[in-house]
1. Under the 0.36 nm per residue contour assumption, what length would be gained going from the current alpha-carbon distance of residue 200 and residue 47 to full extension?
2. Quick one: check the C-alpha center-to-center distance for the range 59-76 versus the range 110-149, whole angstrom.
3. With everything on Cα atoms, drop me the angle between helix 245-265 and the longest principal axis of the chain, reported from 0 to 90° to the nearest 10.
4. Ratio of Rg to Rh for the range 245-379, alpha carbon only, Kirkwood?
5. Can you compute the modelled spin-label distance between residue 28 and residue 233, with each label point 7 Å from Cα toward Cβ, in nm?
6. Please report Rg (one decimal) and Dmax (integer) in Å for the Cα set of the range 177-257.
7. Just the ratio, please: alpha-carbon radius of gyration of the range 88-146 over 2.2 N^0.38 Å, N its number of residues.
8. With both partners inside the chain, how many of the DSSP beta bridges are antiparallel, as a percent to the nearest 5?
Ligand SMILES: *Cc1c(COP(=O)(O)O)cnc(C)c1O
């Protein structure tokens, strides 16, 4: 089955009870039993819910895995993955990690004795120096936020071969339409389905996908044991959002390419970060491991001041100033004051995250309207 067919059909069947074509919302906490222990496979809704089960089967298919595990948020999904670790275990992760993921590793898991090392995963020497027998997890994010750096998933998998470490890829920015890490040898895929997968900015939901029976059992155990499950209604909305995932991401990518080009030629713009440009550091890898270059574009200004950035941020008509990404509506954000506000300025500047850096999440509006909105706003700076 091709991707555009999977989003509509994989794991989705008319409701056996009524024939309802769309997956019903099983809004129940418990299920009647005929006699003690005699039931239809459903006992209590933290453990099993039919709406959630359909979503999980569909997500597994989209990532070319065998098992999906849905959680209440992207970070709840990450939490389940980290809960497998034991005191003394180590995690190696990319140094420009999503802020919430960094916070979970450092502020929550470090106190349980989980060590973390943050490195440039493309730096082979640093990688080999960080990897040891206690390394149990490699946390990859690609493309990254907001610099859109690209990590070569296959080369990370190669590097840890023969070690005790599993490779997990946070595939939130790419979505399974653009990139399927399990096919490249990763062990675990994580999603903040809040973003592209649901795609309508009306749900917080997370997911794990694996293709290994034992790992799936461990994650299902933790899903039930720790209990951060999504609501049936949110599972329904996510299933509904997925049906247009390929169309939405395709349109975002198309517009992103045009907007990136307009920005690149603009006299007031200093740098444009978009993996589709041949001079982008990760272009060749992105070309090899992604189906397209994504719907996220970051740029900064020649006159690199907060005031200039702020003129753009508060004057766009179609781009809404807000956190998050991957929805049908275009968003504009300012990492230095929003998502990365807690990082000291010198550290931020060292990785290219300047005062005027602006991040765009391109939605599915008409491309020419988006281009005009950016051009008109830039002319006012
Ligand atoms: C948003 C996000 C998360 C966290 O997901 P939530 O659903 O907000 O908990 C994790 N990783 C990346 C890359 C994200 O963008």
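Only the coordinates and a few stated rules stand behind these numbers; no lab work does. Just so it is clear, the structure is predicted and the values come from calculations on it, not from any experiment. Counting neighbours? That spans all protein chains shown, and the Cβs are built from the backbone with ideal geometry, glycine included.
1. 52.4 nm
2. Using only Cα atoms to place each centre, the spacing works out to 22 Å.
3. Relative to the chain, helix 245-265 is tipped by roughly 10 degrees.
4. Dividing the radius of gyration by the Kirkwood radius yields 0.94.
5. Those two pseudo-labels are separated by 1.9 nm.
6. 14.4, 44
7. Scaled against compact globular proteins, the figure is 1.07.
8. That works out to approximately 55 percent antiparallel.
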